Amino acid sequence: MSKNILIIHGHPVNDTFIDQLHHAYTEAAKKQSASVRQLVLREKSFNINFTEGYRGNQALENDLLDAQEAISWADHLVFFYPNWWGTYPALLKGFIDRTFLPGFAFKYKNGRTDPERLLVGKTARLVVTMDSPKWYYYLVQKAPGHHAMRHGLLHFCGIKPVRITTLGLTRKADEKQRKKWIQQMEKLGAKMI
């Protein structure tokens, strides 16, 4: 079964290990006849500051309109990004703030605290690199970035399930370990999950 897969690459720096992981997943998914689109956020032109908040007065740039169309098209979203200060880079946060808007990703209902979820039927995977050990991130820090992405964003908009691949101690990883992670991305891409 073919899928429409949207890859959202949220690392603001060019030529990182995430680029290699992203490439491995993408190529493996394409070999399985998946339709793949990619949003490399550092190559897009948009203001990451949500200057008007939910007043709705801030016009969306063309790249964000295109991103919303791609999100609507996708069956499965795959986010690649580093863990910075427990969550994710400002570039990805700004993209989320500006793109997953009321009327597109969710809609408030009168008298209700829970929204109407407008992205139901989609699934997602997060691929997150970090310099700290995974156990420390989960047990000591309580995985704040994972919770924010899974529950605060994706589940809130109706995207389920959300699977997470956490790669810890990437800065210290040797080539053998990096190769294993790239092979892991190839397997995930081949399964289109």
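Listed here are the residues, each with its yes/no results for (1) over 16 Å from residue 159 (Cα atoms); (2) modelled with pLDDT under 95; (3) of a type in the set (Asp, Glu).
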| site | (1), (2), (3) |
| --- | --- |
| 77 | no, no, no |
| 81 | yes, no, no |
| 89 | yes, no, no |
| 94 | yes, no, no |
| 102 | no, yes, no |
| 110 | yes, yes, no |
| 115 | no, yes, no |
| 119 | no, no, no |
| 122 | no, no, no |
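Here is a check on your reading of the model: is residue 125 charged (D, E, K, R) and touching a strand residue (DSSP E or B) at 6+ places or on another chain (Cβ under 8 Å)?
Yes, satisfied.
Do we find a residue being over 18 Å from the mean Cα position of the chain (by Cα), over 29 Å from residue 30 (Cβ atoms) and not acidic (Asp, Glu) anywhere in segment 170-193?
Looking for residues that are over 18 Å from the mean Cα position of the chain (by Cα), over 29 Å from residue 30 (Cβ atoms) and not acidic (Asp, Glu), one finds at least one in segment 170-193, hence yes.
May I ask you to verify whether residue 33 is assigned to a loop (DSSP other than H, G, I, E, B), closer than 30 Å to residue 178 by Cα, without any contact (Cβ under 8 Å) to a residue 40 or more places away in the chain and not acidic (Asp, Glu)?
yes
Say we look at segment 107-165 and pick out the residues that are of a type in the set (A, V, I, L, M) and over 13 Å from the mean Cα position of the chain (by Cα); which of these is nearest to residue 79 (Cα to Cα)?
130
Need at least 3 residues that are touching a residue at least 24 places away in the same chain (Cβ under 8 Å) per element, so show me which helices (runs of 4 or more DSSP H) inside segment 77-193 make the cut, counting only ones lying wholly within it.
Qualifying helices (runs of 4 or more DSSP H): 90-99, 175-191.
Which condition number does residue 13 fail, the rest of (1) touching an Asp or Glu at 6+ places or on another chain (Cβ under 8 Å); (2) over 16 Å from residue 193 (Cβ atoms); (3) of a type outside the set (D, E, K, R) being met?
(1)
So that you can scan it fast, the table gives a plain yes or no per residue for (1) β-branched (Val, Ile, Thr); (2) over 24 Å from residue 129 (Cα atoms); (3) surrounded by fewer than 16 Cβ atoms within 10 Å (Cβ to Cβ):
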{"site": "14", "(1), (2), (3)": "no, no, yes"}
{"site": "18", "(1), (2), (3)": "yes, no, no"}
{"site": "21", "(1), (2), (3)": "no, no, no"}
{"site": "25", "(1), (2), (3)": "no, no, no"}
{"site": "32", "(1), (2), (3)": "no, yes, yes"}
{"site": "70", "(1), (2), (3)": "no, yes, no"}
{"site": "82", "(1), (2), (3)": "no, no, no"}
{"site": "90", "(1), (2), (3)": "no, no, yes"}
{"site": "108", "(1), (2), (3)": "no, yes, yes"}
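Identify the residue in segment 44-65 that is without any contact (Cβ under 8 Å) to a residue 12 or more places away in the chain and either within 26 Å of residue 2 (Cβ to Cβ) or of a type in the set (Val, Ile, Thr) (or both) and, among all such residues, is surrounded by the most Cβ atoms within 10 Å (Cβ to Cβ).
Among those that are without any contact (Cβ under 8 Å) to a residue 12 or more places away in the chain and either within 26 Å of residue 2 (Cβ to Cβ) or of a type in the set (Val, Ile, Thr) (or both), it is 65.
Would you say residue 55 is over 17 Å from the mean Cα position of the chain (by Cα) and of a type in the set (D, E, K, R)?
Considered against the rule, which asks whether it is over 17 Å from the mean Cα position of the chain (by Cα) and of a type in the set (D, E, K, R), residue 55 comes out as yes.
Looking at 124, 24, 74 in this structure, which one is touching a helix residue (DSSP H, G or I) at 6+ places or on another chain (Cβ under 7 Å), more than 15 Å from residue 149 (Cβ to Cβ) and among the small types (Gly, Ala, Ser)?
Of 124, 24, 74, the one residue that is touching a helix residue (DSSP H, G or I) at 6+ places or on another chain (Cβ under 7 Å), more than 15 Å from residue 149 (Cβ to Cβ) and among the small types (Gly, Ala, Ser) is 24.
From 60, 64, 6, grab the single residue that is closer than 24 Å to residue 118 by Cβ and assigned to a helix (DSSP H, G or I).
Going through 60, 64, 6 in turn, just one is closer than 24 Å to residue 118 by Cβ and assigned to a helix (DSSP H, G or I): 64.
The values are calculated or read from the model by the stated rules, or taken from the named source; none is laboratory data. Values in this document were obtained by computation on a predicted structure and should not be read as measured data. Counting neighbours? That spans all protein chains shown, and the Cβs are built from the backbone with ideal geometry, glycine included.
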